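First the structure, in the form of structure tokens, and then the observations on it.
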Amino acid sequence: MPARRLRISVPALLVVTLAAGGLLLASASQAQVQTLSGEADRLDRPRLGGVVRNAGPIKVGRAVITPGGAVRVLLAGDEPCGLWIGGPSTLTYRVEDRFSRPLAKRNIRKATAFKPVDAEDAVTVTVSFDEALLWGWELAARVAGSTEAAPEGSPAGAPEWLAPLLDRPFYDAPHLALLAERRLGGSGPGVAHGLFHGRSFDLRLVVDPRGDRQETLFDLERIPRADSVVYQGRYYGQELAAQPIGRSWWEHSPAALVAEHQSFKIDNDQKRHVTVTTTTRVRGTGDLAGLWWAALSGEVTEDNRSFPVTVRAVEVNGRPADFLFRNDTLAVALDPPLGRDQTAEVKVVHEGDYAIRYGGDSFWSLGTWAWFPTPPFHGWLATMDFEVRVPEPLVPFVSGTTTGKESRDGFTVVKSRLDQPMQWPVVAAGKYNVYSDRQLDVAATVATYVRANERGAKRLLNNFYAATECYQKLLNVPFPFSEVEVIEINQWGFGQAPPGVIFITQEAFNSVLEETDRLFSEGINGRYLHEIAHSYWPHVPKMNSEEENWTSESFADYTSAVCLDQLAGGKGTFRFQNSLDHWRGNVKDLGDGASLYLANHLAGVNFNDFLDRQNLLYSKGPVVLHALRLELQKQAGSAAQGDRQFWSLLRSYLKSFPYKWAGTRHLVGILNQITGSDWQPWFERYVYGTEIPVVR
Ligand SMILES: [Zn+2]
């Protein structure tokens, strides 16, 4: 995938998980008389109030802002919501976390003209800016006692540069964090959201001490027309620096509200038109929380056209609820707010002409993007059920175990269920030929696009069961899904493995590869086995954050390479060594500052910058796993004993976190138990840090 396209599609897929932080439940009564959209408008189009006396250097997270000009109160309507800072002023940002430092240095160098300074205890960057807006209830409260009345006749509106930055950006506008914080109980430091405008740049700073417990500095860039006619002019953020607040990178906690069940009704009544009804049961995990929000794409694009998504109705516990649908995020007011272990049912009905048949294809898919209210990783551990209706002759596919299927008035209706919590379910439909088999307690279906292709389908079924048998032996747990659908996609060069479904492009079905000699030496078989391995990683031990991505991709790559080797046994065409050589070759291209754990935090402007992420997850990750295996062999004094420990690590990890959030720190914990020694330093070098292990 070309870098430019990736850069645009990533924010839409992994919509920034900015959860709530804050303090002011006391003012919730004020919030309740206002609608979310009214509040959001006032926050995103603030006015300037009175001058703040002795504003001095302002500390926000690990940023220090030294005003060179006046500082004024920022007003949402008449309510203080932050600070305005005139220029010329300076922003100094300190990156203190030791794993964040090399990454920040790399990102700042790659994405901006700023000069990072590498000192003993921090990487620092200092920039001069002309004007800044800093939103935050706590920031406003800080200066409450030292504000003069607004000067007569002074300009009262927000600066002109603000509107384009907040015109459907690929990041959260300030209102979301502030609205969430206002509806969050308990106490603690407040969230802050800053936009800094310079002569040749715009920066965004988000400090979230209670939700994600992370602070992040972004460079904001505008999408040029050459990249996308549909998205041109809209801004996206390049991450310059990110660091955890009051925690280590590997410590993650659940969101204030966690989705524990989702019930879907998907109705493709005609052509491209789809109505999706999603009922989500959310549960409180701690402090009272009165705003649930989820990613929901506001539009779907095809070539140079855009199809809008409209939210028709939102109900909470059967009653119409206040909601805000903006910037690919749906926020829903929960009134009353939910405390620990309290639940609410949030029903959302939305529709649009977005069952797109790309390039006139007889196929549409609601795939791994936010086609329904999609919670963030740490707010999503949901069992699911589905009812899908599509016009005949389209064949519907849906994640989960089929519980019913019927023909009704020219439509096919299928029902299914996922009894274990899952993330990223998919629905698809098209003109398909379907081939099925049942072995090893798994019903597998291979669907070939438009043309019948029995040979190709049979081969994929056979390979599916061969791989499944290998994984079951290797990992010692039953296959996670009772039904799997392998669906041919009418494109080239990719695969995807949402729960119970494998999307794979047409070359996997190509009969040119049928000679058994070549069968396991071709990359496509590696990709197919990689996708099948995803049934375990990350659907069994789950990701609670984007940092844990390597426990999905690198683990799928490593285990699939081992099974590819075993399945090719005797044919003499494939060896594990091939995979190892391939990974080591790619690792050589890695730039500096490349932490495996922080692979999703890389910024960049050219194609090679994106290859770094690829090379981390799909090459350095497998190399690290292999190095771990070799190290265990060395320490155990025998290859057999070391291998036993290695596989027992992977098995225990799967067994200990069945369909639950897991994570790298648990891998370290299990490894410590198995070996009786401390592996944290090893992981700090190779997984959290940027070192690359040498493997022979
Ligand atoms: Zn993958």
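The values are calculated or read from the model by the stated rules, or taken from the named source; none is laboratory data. What you are looking at is a predicted structure, and each value in this text was computed from that prediction instead of being measured. Cβ placement follows ideal geometry from the backbone for every residue including glycine, while neighbour counts extend to all protein chains displayed.
For the reader, a short list of remarks on this structure follows.
- Test: residue in the stretch 527-540 that is of a type in the set (S, T, N, Q) and either under 29 Å from Arg651 (Cβ atoms) or modelled with pLDDT of 95 or more (or both): yes
Matching residues to (1) more than 30 Å from Leu602 (Cβ to Cβ); (2) basic (Lys, Arg):
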position	(1), (2)
Arg62	no, yes
Glu79	yes, no
Glu96	no, no
Leu103	no, no
Ile108	no, no
Ala122	no, no
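- Answer from Glu120, Glu138 - the residue that is more than 25 Å from Tyr236 (Cα to Cα), in a helix (DSSP H, G or I) and acidic (Asp, Glu): Glu138
- For the stretch 176-230, the set of residues classified as in a loop (DSSP other than H, G, I, E, B), under 17 Å from Asn327 (Cβ atoms) and touching a Lys or Arg at 6+ places or on another chain (Cβ under 6 Å) consists of Ile223 only.
- Breaking point among (1) within 22 Å of the chain's Cα centre (by Cα); (2) surrounded by fewer than 20 Cβ atoms within 10 Å (Cβ to Cβ); (3) of a type outside the set (Asp, Glu), for Arg109: (1)
- Condition met for Val587 (in contact with a helix residue (DSSP H, G or I) (Cβ under 8 Å, 6 or more places away or on another chain) and at pLDDT 95 or above): no
- Lone qualifier among Arg225, Arg234 - being without any contact (Cβ under 8 Å) to a residue 60 or more places away in the chain, more than 26 Å from Gly86 (Cβ to Cβ) and out of contact with any helix residue (DSSP H, G or I) (no Cβ under 6 Å at 6 or more places or on another chain): Arg225
- If you go through the stretch 529-554 and keep only what is within 9 Å of the ligand (Cβ to nearest atom) and outside any helix (DSSP H, G or I), you end up with His534, Trp537.
- Residues in the stretch 594-608 include at least one that is of a type in the set (Gly, Ala, Ser), within 16 Å of the ligand (Cβ to nearest atom) and in a helix (DSSP H, G or I).
- Against the conditions (1) within 14 Å of the ligand (Cβ to nearest atom); (2) surrounded by 22 or more Cβ atoms within 10 Å (Cβ to Cβ); (3) not small (Gly, Ala, Ser), Leu628 satisfies every one except (1).
- Selection status of Ser37, surrounded by fewer than 19 Cβ atoms within 10 Å (Cβ to Cβ), at negative phi, modelled with pLDDT under 50 and assigned to a helix (DSSP H, G or I): no
- Tally of residues being on the phi > 0 side of the Ramachandran plot and part of a strand (DSSP E or B) across the stretch 248-273: 0
- Near pairs, Cβ below 6 angstrom, 6+ apart or cross-chain, from the stretch 487-506 (closer than 16 Å to Gly456 by Cα) to any residue that is within 14 Å of the ligand (Cβ to nearest atom) and in a loop (DSSP other than H, G, I, E, B): Thr505/Gly493; Thr505/Phe494
- For the stretch 266-283, the criterion of being modelled with pLDDT of 95 or more and touching a helix residue (DSSP H, G or I) at 6+ places or on another chain (Cβ under 9 Å) is met by at least one residue.
- Some residue of the stretch 392-401 being touching a helix residue (DSSP H, G or I) at 6+ places or on another chain (Cβ under 6 Å), in a strand (DSSP E or B) and hydroxyl-bearing (Ser, Thr, Tyr): no
- Enumeration of residues in the stretch 646-690 that are among the basic types (Lys, Arg) and within 30 Å of Gln420 (Cα to Cα): Arg651, Lys655, Lys660, Arg665
- Scan of the stretch 114-161 for residues that are at pLDDT below 95, of a type in the set (A, V, I, L, M) and more than 22 Å from Val191 (Cβ to Cβ), ordered by number: Ala119, Ala149, Ala150, Ala156
- A Cβ distance below 9 Å, combined with a sequence gap of six or more or placement on separate chains, defines the contacts here; from the stretch 550-570, residues that are over 25 Å from Arg613 (Cβ atoms) reach no residue that is aromatic (Phe, Trp, Tyr) and within 11 Å of the ligand (Cβ to nearest atom).
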